[in-house]
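A short write-up of the structure that comes next.
The values are calculated or read from the model by the stated rules, or taken from the named source; none is laboratory data. Since the structure is predicted, the reported quantities are computational estimates derived from the model, not experimental observations. No Cβ is skipped: glycine too gets one built from the backbone with ideal geometry, and neighbour counts run over all protein chains shown. Heavy atoms of the whole protein, side chains included, go into the accessibility calculation; ligands, DNA and RNA do not. Shrake-Rupley method; radii C 1.70, N 1.55, O 1.52, S 1.80 Å.
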Amino acid sequence: MIRLYLFAEGPTEQTFADNILKPHLAQYGVFLDKIILIAHSRKKGKAHRGGSGYGDYQPMRDDILRFLKQEKGTNVFFTTMIDLYAIHYNLPGLAEAEIMRQNPIKRVEFLEKGFADDIVDPRFIPYIQLHEYEAYLFADPTCFESFYDNCSDQVAILKTIADGYETPELINDSRETAPSKRIIAQFPDYKRAKSTYGPLLAESIGLEVIRSKCPHFNLWLSRLELLGK
């Protein structure tokens with residue numbers, strides 16, 4: 001049996017992984033054993049967890065290395081689910097990747113390779129979301145109709161945004177126009193309720209629709225599925 005640790009950006013990713021990825025991967029013989037919020041600091045021997053927010057990469061790195069050291073089995077793998085938006089200011093390769101900003105897929109792949117090279121363990125499979133979790137919700141903006149009344153105008157705006165991009169993963173990552181910011185502009189209470197609504201909205205869309213619209217996510221999920229073969 002393959003065991004998998006997943007280091008999640010925040011509670012939204014944590015719940016998404018637990019409710020949606022865990023039962024899915026189990027079908028492939030991959031048991032999502034632990035879903036841990038990423039560490040953003042460590043004080044008095046205790047890790048403080050959740051969110052990168054342009055923070056320091058080192059606490060997350062040290063935390064991942066600590067778990068790798070504790071779990072040395074060849075059947076144990078480790079992955080991440082963190083946002084490219086507001087990523088750690090000192091992530092390996094971030095400065096070099098700046099020239100790739102016009103090609104987000106190439107940029108994120110470069111950063112993931114740099115992350116893997118820095119951890120130096122073949123069992124570590126980094127995944128950086130393009131550009132953040134809420135991109136998945138643009139795979140089918142009609143999902144919001146299940147949670148909000150009389151929202152056809154807001155949904156139409158989100159659909160127009162989604163239609164303007166080859167994939168929801170390419171919706172850009174500025175502080176004003178990142179996927180979550182665009183959703184909050186239409187549904188302000190999503191900001192407060194994202195850790196609850198976010199996974200439920202994704203579940204209503206369905207994993208297969210999300211992976212069909214989000215190729216970088218699909219590539220990562222396919223790689224995790226293959227661990228069980």
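Among the residues of the range 12-34, write down those that are open to solvent by 30 Å² or more (accessible area, probe 1.4 Å), modelled with pLDDT of 95 or more and closer than 23 Å to residue 194 by Cβ.
Going residue by residue through the range 12-34, those that are open to solvent by 30 Å² or more (accessible area, probe 1.4 Å) are 14-15, 18-19, 22-23, 26-29, 31, 33-34.
From what is left, the residues that are modelled with pLDDT of 95 or more are 14-15, 18-19, 22-23, 26-29, 31.
Scanning the range 12-34 gives 14, 15, 18, 19, 22, 23.
Being over 16 Å from the mean Cα position of the chain (by Cα) and touching a residue at least 60 places away in the same chain (Cβ under 8 Å) is the filter here; which residues of the range 124-149 pass it? Outline the logic, then answer.
Here is the first cut: in the range 124-149, the residues over 16 Å from the mean Cα position of the chain (by Cα) are 140-149.
140, 143, listed by residue number.
Could you identify the single residue in 112, 9 that is under 30 Å from residue 203 (Cβ atoms), open to solvent by 10 Å² or more (accessible area, probe 1.4 Å), modelled with pLDDT of 95 or more and under 18 Å from the mean Cα position of the chain (by Cα)?
Numbers: 9 fails: modelled with pLDDT of 95 or more.
The match here is 112.
Say whether the condition of being open to solvent by 10 Å² or more (accessible area, probe 1.4 Å), without any contact (Cβ under 8 Å) to a residue 40 or more places away in the chain and in a helix (DSSP H, G or I) is met by at least one residue in the range 85-93.
No.
Quick one: which of 25, 32 is over 13 Å from the mean Cα position of the chain (by Cα) and in a helix (DSSP H, G or I)? Can you show your working first?
Details: 32 fails: in a helix (DSSP H, G or I).
Of the residues listed, the single one that is over 13 Å from the mean Cα position of the chain (by Cα) and in a helix (DSSP H, G or I) is 25.
Against the conditions (1) in a helix (DSSP H, G or I); (2) in contact (Cβ under 8 Å) with a residue 24 or more places away in the chain; (3) open to solvent by 30 Å² or more (accessible area, probe 1.4 Å); (4) of a type outside the set (Ser, Thr, Tyr), where does residue 121 fall short? Just the number, please.
(1)
Of everything in the range 35-73 that's among the hydrophobic types (A, V, I, L, M, F, W, C) and in contact with a Gly (Cβ under 8 Å, 6 or more places away or on another chain), which residue is modelled with the lowest pLDDT?
Of the residues in the range 35-73, the ones among the hydrophobic types (A, V, I, L, M, F, W, C) are 35-39, 47, 60, 64-65, 67-68.
Remaining after also requiring in contact with a Gly (Cβ under 8 Å, 6 or more places away or on another chain): 37-38.
Details: 37: 94, 38: 90.
The residue in question is 38.
Those residues that are aliphatic (A, V, I, L, M) and either open to solvent by less than 40 Å² (accessible area, probe 1.4 Å) or farther than 30 Å from residue 3 by Cβ (or both), I need them from the range 180-225; list them, please.
The first filter runs over the range 180-225 and keeps only residues aliphatic (A, V, I, L, M), leaving 183-185, 193, 200-202, 205, 207, 209-210, 219, 221, 224.
Scanning the range 180-225 gives 183, 184, 185, 193, 201, 202, 205, 207, 210, 221, 224.
Looking at (1) under 17 Å from the mean Cα position of the chain (by Cα); (2) part of a helix (DSSP H, G or I); (3) of a type outside the set (A, V, I, L, M); (4) within 20 Å of residue 84 (Cβ to Cβ), find the lone condition where residue 208 falls short.
(4)
What is the number of the single condition among (1) of a type outside the set (A, V, I, L, M); (2) in contact with a strand residue (DSSP E or B) (Cβ under 8 Å, 6 or more places away or on another chain); (3) open to solvent by 20 Å² or more (accessible area, probe 1.4 Å) that residue 127 does not meet?
The number of the failed condition is (3).
Given the criteria touching a strand residue (DSSP E or B) at 6+ places or on another chain (Cβ under 6 Å) and either assigned to a helix (DSSP H, G or I) or more than 18 Å from residue 54 (Cβ to Cβ) (or both), does residue 108 qualify? Step through it out loud before you land on a result.
On the way: touching a strand residue (DSSP E or B) at 6+ places or on another chain (Cβ under 6 Å): yes; either assigned to a helix (DSSP H, G or I) or more than 18 Å from residue 54 (Cβ to Cβ) (or both): yes.
Yes; evaluated as a whole, the condition is true for this residue.
How many residues, within the range 42-65, are without any contact (Cβ under 8 Å) to a residue 60 or more places away in the chain and not in a loop (DSSP other than H, G, I, E, B)? Quick ask: steps written out before the conclusion?
Quick first cut of the range 42-65, residues without any contact (Cβ under 8 Å) to a residue 60 or more places away in the chain only: 42-63, 65.
If we keep only those that are not in a loop (DSSP other than H, G, I, E, B) as well, we get 42-43, 46-49, 57-63, 65.
So the count comes out to 14.
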